[in-house]
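Okay, so here's the structure we're looking at.
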Amino acid sequence: MLSEKTIDFYFSFISLYTYIGYEAFQDLAKRHNLKINYKPIDLHEIFQLSGGLPVSKRPPQRQSYRLVEMQRWSHTREIPLVLKPKHHPANPEIGHRMLLAALENQQNVVEFIGNALKILWVDDRNIEDHKIIVAAANRAGLDGKALYEQSLNPKYIDQLTQITNEAFERQVFGTPFFIYRGEPFWGQDRLEMLEDLITSGRQPINPPNLL
């Protein structure tokens, strides 16, 4: 049996590029027997701490190019994609809390995360509506209502804050963000480089901490 390898996966249910790369990342994880540590974060807080800008505050030329990239990646990954979701930006906290509850229960969350990422970027629905998140969990074979009720415990809000603070301390500044053997990879377009580290036997490149 192949030895288990562990990767830290920082992401948000509202993250465009987490959605775009999610299936490809899961395929990579299966090929290489990766154990994934799922770490949902407050992306807007990370932007504020790291100097990032939400889409609406970026210069027009960057917003325009983003729309080109979205269509290009949709074609490349062969996935559906809503270019301008009606409910974006939004707060994904309800879904993140439910995810933490499912992880605490040691439930399989792969499909739930995939469904949650599609709420904005495929279904064009409101991720702040707990009924929609509950339905996403149900479609993944989980008990969405029970997870939602469990997630109302304030401890999950504290956990989200802790994970976001941890992400900042590890110099995470966007999503998806992968850390494998200490080497950081920002963006779903770095999956090939991540796979090279896994397979090549080279030593990881550890970034200097400039915080």
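The values are calculated or read from the model by the stated rules, or taken from the named source; none is laboratory data. For clarity, every value in this text was computed on a predicted model and none was experimentally measured. Don't worry about glycine lacking a Cβ; one is built from the backbone with ideal geometry, like all the others, and counts go over all protein chains shown. For the accessible areas, the whole protein counts, side chains as well, though only heavy atoms, and no ligand, DNA or RNA atoms are used. Shrake-Rupley method; radii C 1.70, N 1.55, O 1.52, S 1.80 Å.
Return a yes/no flag: does the stretch 91-99 have any residue that is buried (at least 20 other Cβ atoms within 10 Å of the Cβ), in contact with an Asp or Glu (Cβ under 8 Å, 6 or more places away or on another chain) and among the aliphatic types (A, V, I, L, M).
yes
Quick test for you: out of Glu69, Glu93, Glu45, Glu111, pick the one residue that is of a type in the set (Asp, Glu) and without any contact (Cβ under 8 Å) to a residue 12 or more places away in the chain.
Going through Glu69, Glu93, Glu45, Glu111 in turn, just one is of a type in the set (Asp, Glu) and without any contact (Cβ under 8 Å) to a residue 12 or more places away in the chain: Glu69.
Between Glu128, Glu149, which is outside any helix (DSSP H, G or I), more than 14 Å from Phe9 (Cβ to Cβ) and open to solvent by 70 Å² or more (accessible area, probe 1.4 Å)?
Within the list Glu128, Glu149, the selection yields Glu128.
Considering every residue within the stretch 70-86, establish whether at least one is modelled with pLDDT of 95 or more, over 21 Å from Gly21 (Cα atoms) and open to solvent by 50 Å² or more (accessible area, probe 1.4 Å).
Within the stretch 70-86, one or more residues are modelled with pLDDT of 95 or more, over 21 Å from Gly21 (Cα atoms) and open to solvent by 50 Å² or more (accessible area, probe 1.4 Å).
Evaluate the following for Arg202: is it within 30 Å of His32 (Cβ to Cβ), among the basic types (Lys, Arg) and either in a loop (DSSP other than H, G, I, E, B) or touching a Ser or Thr at 6+ places or on another chain (Cβ under 6 Å) (or both)?
yes
For residues that are open to solvent by less than 90 Å² (accessible area, probe 1.4 Å) and of a type in the set (Lys, Arg), scanning just the stretch 50-69, find the one that is farthest from Thr18 (Cα to Cα).
So the residue we want is Arg58.
Would you check if there is a residue in the stretch 175-192 being open to solvent by 20 Å² or more (accessible area, probe 1.4 Å), assigned to a helix (DSSP H, G or I) and out of contact with any strand residue (DSSP E or B) (no Cβ under 9 Å at 6 or more places or on another chain)?
Yes: one or more hits.
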